[in-house]
Amino acid sequence: MSATEENSINIPSSAGLCEGLMRWEKEETISQLSRVLEGVAIDLARDEGLRTAVGAGQPTIWPNLRSLWLMLAEKVTTHQNDEPTRTVVISTSRFTRNLVAGVAKNQENAFENEPELRQILYAYSSWAASQDPGSLPVVRMVVQTLSNMVTTNESLMSCLWQTHMDLPEEQAVFVRVLSLPDPRAILSLLVLLVNCVYDSSSRQALLVKTRIGVRICITLLDRMTDLHDAEESSDAGKAFDYGYHLFSHLFGGGFAPDLFGNLKVDGEVIVPHQTILLKLLDSYLQSSPSETLFSGMTPMLITCFFKLSQYAVGAVSDVVDSDPADVTHENGIQTAPNPMLPKACEALVLVTQCIASIMLASEATHLQGEVWPLFRESVSSHGRVIAEHTVELLQLLDIFLPKVNFGRPIPRPGQGEHQYSVAVADPTGFLYLKRDLVRLIGILCHEDKATQDRIRQCDGIPVIMNMCVIDERNPYLREHAILALRNLLEGNRDNQVVVHSIQPSKTSLDELELPCER
């Protein structure tokens, strides 16, 4: 007997089994149905021709399958969540998943069961159900069924996406699944999400602009932090990769500014989800993305830089300008002056790296003339450009964050041994800050006399010279400072005069190989 003949016998016979199951009379009925579905599912997974034949065969299986899903949804939603129910749900899901894979007509016939699949997913993704390990395999299988039901079918993907983006918040099953303590379930859902947003601007827009879409992004950003350190070959590691791919598609679609804005919280300079998004964006920009995206991201990054740098300047100034007698110390170390300052500085490092990546990637392209002037000439609400804000912050950080060698802070001349900041004891948020700001100065002033002059006029040259040191918290700070000085002095006689007035001997300039007109 051929597989097709066997199938034509077993599948229609499920009608009688379904009727018995709906009355929930005999346990052997349950196991018999599960065995039939599991056996046929194996054959369906191997043979696309069989999937097509079963879907188009007579008598048709679709009314029976529909009745089965209706019955299962009723059982699950009336809290009959026992082992026999889970067994049939998994078997029916696996059968449906394999039956619809890559066959458009089967997908369309099966899609009418999406509401029932959603109900079942809602029930098994609750907090109470998730405490039972037996519920998690159900979630995985139902999600995989939904995924196969719409993958490569544009109209069904759009229908599914619109439906889930319009759900009330309490019924947002995608959010619930992402919150489960099961990397395999999260991975299954992320495969579905990535397939839906791939090369679809309309679905990407719904994800970043609707209430449910933003909640999905927030939940996923939380999980990305949990999954980050997982073994690459593990389910958790694969889930992280798929999560990164999803956000990469959003960045590639030009939706980074929209999502960043929709993550903000009124009254907060930065929130954790925005910082995580900036980390992903920084990684994305370092992976050679399409240069056509730079113009759209530039205004967002400029606005972020001004906001974060101004906040940091204000917070650090409060410490630097305070009377030492009024500052609380613990074991000779200042207590945290502002709990938000490390978070703002951490985000500022990421924004600075993103700006540097865009400027360097667009260098020597037709976009340099479009992007570089925006970073050099955009003016903040204080009437100053990025270079001037950077210099002001570096001047304060030179006092607030002394360099660290061999694990010990090196006080500035005239600074007491214990008059260094809490950032020395806990560098969280401050790592790489001075290095990346100095690097940005070097890029901004490269072959641009107007920026070179601005930096000199706001006394930026001395602070850049002070950064020509080794600092364990800022790897390669000295090298970036030397490059920044080179770019500041190249072709600018006035800047060279300032350097000579600080260090009259040409020996230091010669050692650093800096431009020097003889």
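The values are calculated or read from the model by the stated rules, or taken from the named source; none is laboratory data. Note that the coordinates shown come from a computational prediction; the quantities given were computed from them, not determined experimentally. Please note: Cβ atoms are built from the backbone with ideal geometry, for glycine as well, and neighbour counts cover all protein chains shown. Ligands, DNA and RNA are stripped out before the accessible areas are found, and what is left, the full protein with its side chains, is counted by its heavy atoms. Shrake-Rupley method; radii C 1.70, N 1.55, O 1.52, S 1.80 Å.
On the basis of the beta-carbon distance and an R0 of 22 Å, residue 365 and residue 154 show a calculated FRET efficiency of 0.05.
Tell me, what % of the accessible area of the range 186-282 is carbon and sulfur with a 1.4 angstrom probe? About 48 percent, which is the carbon plus sulfur part of the accessible surface. When the P(r) of the range 88-133 is calculated, the portion above 16 Å amounts to 46% of the C-alpha pairs. Approximating the spin labels as points 7 Å out from Cα along Cα→Cβ, the residue 318-to-residue 469 distance works out to 2.6 nm.
What full-extension length gain, to one decimal in nm, is calculated for residue 493 and residue 271 as 0.36 nm per residue of separation minus the Cα-Cα distance? Before the final figure, lay out each step's value.
Values: separation 222, 0.36 × 222 = 79.92 nm, distance 4.42 nm.
Taking residue 493 through residue 271 to full extension adds about 75.5 nm, to one decimal.
Can you figure out the FRET efficiency of residue 132 with residue 169, using R₀ = 35 Å and their beta-carbon distance, to the nearest 0.05? In this case the efficiency is close to 0.90.
Of 264, 434, 449, the residue with the largest accessible area leads and the full order is 264, 449, 434 (1.4 Å probe).
Heavy-atom accessible area for residue 432, with the other protein chains in place and a 1.4 Å probe, reaches approximately 90 Å². Accessible surface ranking for 441, 470, 1.4 angstrom probe, highest first: 470, 441.
What the Cβ-Cβ distance of residue 399 and residue 453 gives, at R0 = 22 Å and to the nearest 0.05, is a FRET efficiency of 0.30.
Can you give the accessible area per residue of the range 98-241, in Å², using a 1.4 Å probe?
Details: 5630 Å² over 144 residues.
Normalised by residue count, the accessible surface of the range 98-241 is 39 Å².
Which order do 69, 62 take when ranked by solvent-accessible area (1.4 Å probe, heavy atoms of all protein chains), largest first? All intermediate terms of the calculation are to be shown ahead of the outcome.
Numbers: 69 0, 62 25 Å².
From most exposed to least exposed: 62, 69.
The alpha-carbon of residue 279 sits under 24 angstrom from the alpha-carbons of these lysines, leaving out residues fewer than 8 places away in its chain: 209, 238, 264, 307, 343, 434.
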